[in-house]
1. Among the numbered conditions (1) within 15 Å of ligand 2 (Cβ to nearest atom); (2) free of Cβ contacts under 8 Å to residues at least 60 places away in the same chain; (3) out of contact with any helix residue (DSSP H, G or I) (no Cβ under 7 Å at 6 or more places or on another chain), tell me where residue 446 comes up short.
2. Any residue in the range 390-400 that is over 29 Å from the mean Cα position of the chain (by Cα), within 16 Å of ligand 1 (Cβ to nearest atom) and surrounded by 23 or more Cβ atoms within 10 Å (Cβ to Cβ)?
3. In the range 756-783, how many are in a helix (DSSP H, G or I) and either modelled with pLDDT under 90 or touching a strand residue (DSSP E or B) at 6+ places or on another chain (Cβ under 8 Å) (or both)?
4. So residue 412 fits all but one of (1) within 16 Å of ligand 2 (Cβ to nearest atom); (2) outside any helix (DSSP H, G or I); what number is the exception?
5. Hey, any hits in the range 246-258 for a residue that's outside any strand (DSSP E or B), buried (at least 22 other Cβ atoms within 10 Å of the Cβ), in contact with a strand residue (DSSP E or B) (Cβ under 7 Å, 6 or more places away or on another chain) and in contact (Cβ under 8 Å) with a residue 12 or more places away in the chain?
6. Yes or no: the range 463-480 includes at least one residue that is loosely packed, with under 15 Cβ neighbours inside 10 Å and within 42 Å of the chain's Cα centre (by Cα).
7. Is it fair to say residue 242 is buried (at least 21 other Cβ atoms within 10 Å of the Cβ) and either in a strand (DSSP E or B) or modelled with pLDDT of 90 or more (or both)?
8. What number of residues within the range 690-703 satisfy the criterion of being crowded, with 24+ Cβ neighbours inside 10 Å and within 16 Å of ligand 2 (Cβ to nearest atom)?
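The values are calculated or read from the model by the stated rules, or taken from the named source; none is laboratory data. Quick caveat, the model's predicted, so the values are computed rather than measured. All Cβ positions, glycine included, derive from the backbone under ideal geometry; neighbour counts span all protein chains shown.
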Ligand code: ADP
Ligand code: MG
């Protein structure tokens, strides 16, 4: 077996121990299996075992959707199979259906065939390829391959290095090597009770034995005296070298596909076999790669030393050598990145050009009064960001700015200053929070700040302040909690332009609310403020400046990729006097002392968060796990303390109620699933306990930690990890040492790679097949080139950009409309 069964066995054993909750592997068992099975299947040649392999759905498993009982049974069966696979140390190739020879069927007259050819294009279905039947096509379809173009872009996940050609006398045990030899003798033999093939092959330096278990058919193909290329690992049997089930190929005139070179390993699915896929891809690459339009302008290609597209495609599949394979990847990765950059830039261009923005004339004197009234001095970083914000507000192009800043770095006050500036010039502002409780928190913060400058009138959801503007400044909170009548009243006043600043959830920009003169929209703690939302606003005739704020530190490369359409501001400094949260990771044996610690903190009036173990599953299962943990803790560990529970399946009203009780000190401990909202300010909470901490990414752990340490008291973050993996240990060590979120995010990116950094899909990250987000330099180049292109030709209308514009349209229309 070239793929070890050991990891899967370990995982299944862990699953068993944990009660089949699909928690044994980050990202879930199904995802792990897709990778593992794709590789394992390459080395299973016993048809019976292969059959069972498929039957157990190891290739396209749906473990996540099984019941626990079913999972148990399934895991049991898989463990059995693994044991057998291991026993079956040798393998024999499956009989492969070789695709039909490439020639038009006799029934089709040449002219017809020619005509059909003429109509074929890169976007034709793959069935136009000789040898791909519609049933075969449906198998490719499962892998997302529908057209010729898809097949060209269907890249191997790795290559086997069979390029090391050796003479038989030079063969070394245990290494992957290739020989070109004559067949002296090939015959069917019985091996372990199975019909198999044995051959003796030789070159001028010696002979070697080759066996293929379970594959008697080969004996006939390997005719005496024919030449054969053999690639594989050399083993030892009775003190002599032997190839066991190696790749083989009769060289004839053809280029080698399976042996003697860098051989691609493709993702497979049921009914697709490695040799078959290799041959088909080779055929398609040879015939079609040259037809791809190279959409990058020649000047750019030269500047960046990029391969031509068709060469890159063919080298990505069948590289001549390592160096070309690497260059092919660079070219293809560059394509992905520059198309991504061009896409976001053109989106930005569209919303900037389409409609004039709302230039704000900034009243610096008023802002000075406001800032002077604050109980603190702005940090240098806050100042800098405020200046960036004000500069944008004064422009007649709508601002799109992302403000990043650690938890507690003071983003709110900067946003408040922006909202005031807009209000002073007669605009309205909207402040949007992800949850009602956060909206409430912002409302009360803002009111507190404003009440320092002047007198207040009104209470509850609508207040107005005098002293700052020549007229009273009105602030309103719009949340679901208030009665319909009052809500309508507020909506009316918003549309009359009576309300200067409206605070609420995303309901704020929904259909019922009509602003009279919306100038600035602040969106808090939301990664993405979507195109849809923006265009909804624009349909109402607004093109407000938009400031999106987030406390999730995002490494610059990722930010450029995800938010290339936004300008970036960073508050990279905390207000003075903040205490670091003491962070410690604990082993299983220290659980009791962690509980004791929480108890002591509670006794002195502090509060604690407990985050339940990570289960990547449906919300339902997460919720169940949290309920169970909550009950266990309430019954067995903290029967005397006041406990609350929070999970994603609770109705919003319930959630808010629990949060409110926690905030007001009615609860000592809040047990929650990992997904609950961030950003809540509970200064009295001093302990954060995270279960299975080794399973979370660094950024996420940092987020958890950010929920404490907001008050005067020393705060603590305890990370429980029972059996951390090596990488888990690395992460835990890092988070113990590093307090800075951005530094952690960079480390996280290095450790995990970008895909997992956010969970690609949710983040709207497009499918990057070749590009890695650790390709920092390449990304910077792609971005610089994209900007340069836009400067030369903002709408990509010049003839030399025609192909590029076409490719851009193609890529962006393909299911990527939701990159937002
Ligand atoms: P976040 O960036 O996480 O949204 P907030 O805006 O909620 O942070 O600010 C966190 C706390 O820090 C608030 O209580 C706020 O009043 C306070 N604060 C903000 N700026 C400063 C500053 N420059 N000096 C001291 N305290 C500040
Ligand atoms: Mg905040």
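1. Of everything listed in (1) within 15 Å of ligand 2 (Cβ to nearest atom); (2) free of Cβ contacts under 8 Å to residues at least 60 places away in the same chain; (3) out of contact with any helix residue (DSSP H, G or I) (no Cβ under 7 Å at 6 or more places or on another chain), residue 446 misses just condition (3).
2. Scanning the range 390-400 turns up no residue that is over 29 Å from the mean Cα position of the chain (by Cα), within 16 Å of ligand 1 (Cβ to nearest atom) and surrounded by 23 or more Cβ atoms within 10 Å (Cβ to Cβ).
3. Selection size over the range 756-783: 13.
4. (2)
5. First, pick out the residues of the range 246-258 that are outside any strand (DSSP E or B): 246, 250-258.
Of the ones still in play, those that are also buried (at least 22 other Cβ atoms within 10 Å of the Cβ) are 246.
Of the ones still in play, those that are also in contact with a strand residue (DSSP E or B) (Cβ under 7 Å, 6 or more places away or on another chain) are 246.
Imposing the further condition that a residue be in contact (Cβ under 8 Å) with a residue 12 or more places away in the chain reduces the set to 246.
Yes; the residues of the range 246-258 include at least one that is outside any strand (DSSP E or B), buried (at least 22 other Cβ atoms within 10 Å of the Cβ), in contact with a strand residue (DSSP E or B) (Cβ under 7 Å, 6 or more places away or on another chain) and in contact (Cβ under 8 Å) with a residue 12 or more places away in the chain.
6. The answer is yes, given that some residue of the range 463-480 is loosely packed, with under 15 Cβ neighbours inside 10 Å and within 42 Å of the chain's Cα centre (by Cα).
7. No: the conditions fail for residue 242.
8. 1
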